[in-house]
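The values are calculated or read from the model by the stated rules, or taken from the named source; none is laboratory data. Please read these numbers as outputs of a predicted model, since none were measured by experiment. Here Cβ is always computed from backbone atoms with ideal geometry, including for glycine, and neighbour counts include all displayed protein chains. Areas reflect the complete protein model, heavy atoms only, side chains present, ligands, DNA and RNA absent. Shrake-Rupley method; radii C 1.70, N 1.55, O 1.52, S 1.80 Å.
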Amino acid sequence: MRLWIAFMLAMVLLAARGHAAELATEIKALDTSNFAQKENAIAAIASTGDARVAAVMTALNDGTLLIRKSDRLIVIAEGKGTIRIENAATGEALGQAAEADLDKIAINNKIRRQSKVILGNLTLFSEDPAVRLKAADDIFRSRDLSALQPLKDALANEQDPRVKPALEQALAALTMMSDAPEAERLAAILAVKARGGQDAMSLLASAAQGSDAVARAAAEALAALEQTRSLWESMQNAVYGLSLGSVLLLAAIGLAITFGVMGIINMAHGEMVMIGAYVTFVVQDVIRSSAPSLFDYSLFIAIPLAFLLTALIGVAIERSIIRFLYGRPLETLLATWGLSLILQQGIRTIFGPTNREVGTPSWMSGSITLGEITLTANRLAIVVFAALIFAALLLLLRHTRFGLEMRAVTQNRQMASAMGIHTARVDALTFGLGSGIAGIAGVALSQIDNVSPNLGQSYIIDSFMVVVFGGVGNLWGTLVAAMTLGIANKFLEPFAGAVLGKILVLVFIILFIQKRPRGLFALKGRAVEA
């Protein structure tokens, strides 16, 4: 019995050595500049059945399968600069080598697809479901008919409910491109159509060439998927439009308050947005150097600080400049424009003219996929944030004494003053509130735009368009206008381009204002009565 066991072990070792020797011979054939010979060598490597085939194919795809110049040995490299290398055929560690001592093995797209198919076939029987799922997706995209039989074998043994549909779809893709009976190919077309997506459409487009029943069925399935994709694209544009509308709402809502109550055209409003963004940068810079563990909370720290700082700056501006210019709109416009230039230059002096890096917390990173719509987490967070700010402002205006006084001043300043309301104090606090909201808008915008001295200028014109279109001083009008302009921009961009799309929106607003000078939602106030 012992002799029999020893004999079997010896046979296994001899077989392994035979595979290794065969693999080494076939790998050596990759040392050629002829791509056709490389394709033959890769097929031969796969046919050896050696356990190291997967490692060799992976290294070939990753560009880490190299040739040692001194003896033309094929090695797998790891690292950069001083590189650790191992024998590709045996896995034996060979120490270290410099990049200059190694040559790359050039491959083209055809070889890359071939090696991916081989890897897919090898990983179809992996113990890890995620690996099997990726192998099925790779085969679906490659359409290599050599994977047909391994795929059938893998499907027969598959039990995982997540992996099995992917294997069935991959099998349907290969069946479509094979010489299987017509009924099987027609059924495969339905399976590929059910998968959907760009890969399925590309596959159906290939199968739709011709005039037989299969080609006609593929063409019909392709047309249905194109219609579905068009619907998804419209929904995607609508979502992007809501995201842009939320950005416009954050930038404009503070301006709507000051413009509505005070009738002030504040050209420095964008600089309050800019200051809020720089507050975020400073907060994150301090956290990085002193308390890195708090980085994910940096925005929650920056929001109240940005609000307080910009609100105080706003009150100071109103008390020192604006209060002397009421009733003189041209002088107010020029004064706030000059102030905006001063603030921009101040930021350039303190922080420099270049963009500043503002990081994204981990909870705002990544994306969410709904069907064929992809929502980035930072944009989704801004939509939610804008909704919260809007709701908080509504509560402030409708359920606080300050909100009551502000609405009274907006509707009839003289009567409000006669009733004992300190209109000068309301003006100062209103300007501070509008500036503070602009500051927290800057915190949000720092997550999707460059933080630079010119940040505010990118939004000031759009903010005025939103305010005028929605109706001066009306929060609901500002909300509707922001969302309308955001969605309109995103639907126009694919056809007219970003610049022409904005021009068309501006022309529309000009024409609209000719018919409704007070905007969508007219509100009585000092600016209107004047």
If the chain between Ser290 and Ile510 were fully extended at 0.36 nm per residue, the gain over the current Cα-Cα distance would be 74.1 nm
Long-range alpha-carbon pairs in the range 178-250, meaning those over 16 Å apart, account in percent for 55 percent
Heavy-atom accessible area of Arg185, protein chains in place, probe 1.4 angstrom, given in Å² to nearest 10, is 50 Å²
Kirkwood radius from Cα pairs of the chain plugged into Stokes-Einstein at 20 °C, 1.002 mPa s, gives D in µm²/s equal to 75 µm²/s
With all protein chains in place and a 1.4 Å probe, His399 shows an accessible area in Å² (nearest 10) of 140 Å²
Rg/Rh over Cα atoms for the range 375-518, Kirkwood Rh, comes to 1.01
Ignoring ligands and nucleic acids, Asp71 exposes an accessible area, probe 1.4 Å, in Å² to the nearest 10, of 80 Å²
Interchain or sequence-distant (5+) residues whose placed amide H lies within less than 5 Å of the amide H of Leu94 are Ile85, Glu86, Asn87
Helix 129-142: inclination vs the chain longest Cα principal axis, degrees, rounded to 10, gives 90 degrees
XL table Lys38/Lys110; Lys38/Lys116; Lys28/Lys69; Lys28/Lys104; Cα-Cα > 19 Å flagged, in table order, is none
Once both label points are put 7 Å beyond Cα along the C-beta direction, the Ala183-Ala424 separation in nm becomes 9.4 nm
With a Förster distance of 35 angstrom and the Cβ-Cβ distance between Phe300 and Thr349, calculated FRET efficiency to the nearest 0.05 equals 0.75
Note on the range 146-281: C-alpha Rg/Rh, Kirkwood Rh, two decimals, gives 1.36
Between the modelled labels at Asp153 and Asp31 (7 Å from Cα along Cα→Cβ) the distance in nm is 3.3 nm
Expected sort for 277-289, 157-169 on mean C-beta neighbours within 10 Å, highest first, is 277-289, 157-169
In degrees, nearest 10, the alpha-carbon axis of helix 163-177 is tilted away from the dominant principal axis of the alpha carbons of the chain by 70 degrees
Hull volume per residue for the range 51-149, using the convex hull of the C-alpha atoms, in Å³ is 115 Å³
Amide H neighbours of Gly456 at under 5 Å, excluding residues fewer than 5 places away on the same chain, with H built from the backbone geometry, are Met274
Karplus ³J(HN,Hα) for the range 225-238 (6.51 cos²θ - 1.76 cosθ + 1.60, θ = phi - 60°; Hz, whole; x = Gly/Pro) runs 5, 5, 5, 5, 4, 4, 5, 5, 5, 5, 5, 4, 4, 5
Note: the range 239-287 at 10 °C, 1.306 mPa s; Kirkwood Rh on alpha carbon pairs; Stokes-Einstein D in µm²/s works out to 128 µm²/s
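Beyond 18 Å, what share of the Cα-Cα pairs of the range 62-214 is found? Please give it as a whole percent.
64 percent
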Beyond 32 Å (Cα-Cα) in this structure, taken from Lys490/Lys515; Lys80/Lys164; Lys80/Lys490, we find Lys80/Lys164; Lys80/Lys490
Summing -39500 (n - 2.57) over every DSSP H run of at least 4 residues in the chain and dividing by its residue count gives a helix-only mean residue ellipticity at 222 nm, to the nearest 500 deg cm²/dmol, of -23500 deg cm²/dmol
In Å, the C-alpha Rg and Dmax of the range 197-237 are 11.2, 37
Counting only protein heavy atoms with a 1.4 Å probe and every protein chain in place, the carbon and sulfur fraction of the accessible surface of the chain in whole percent equals 62 percent
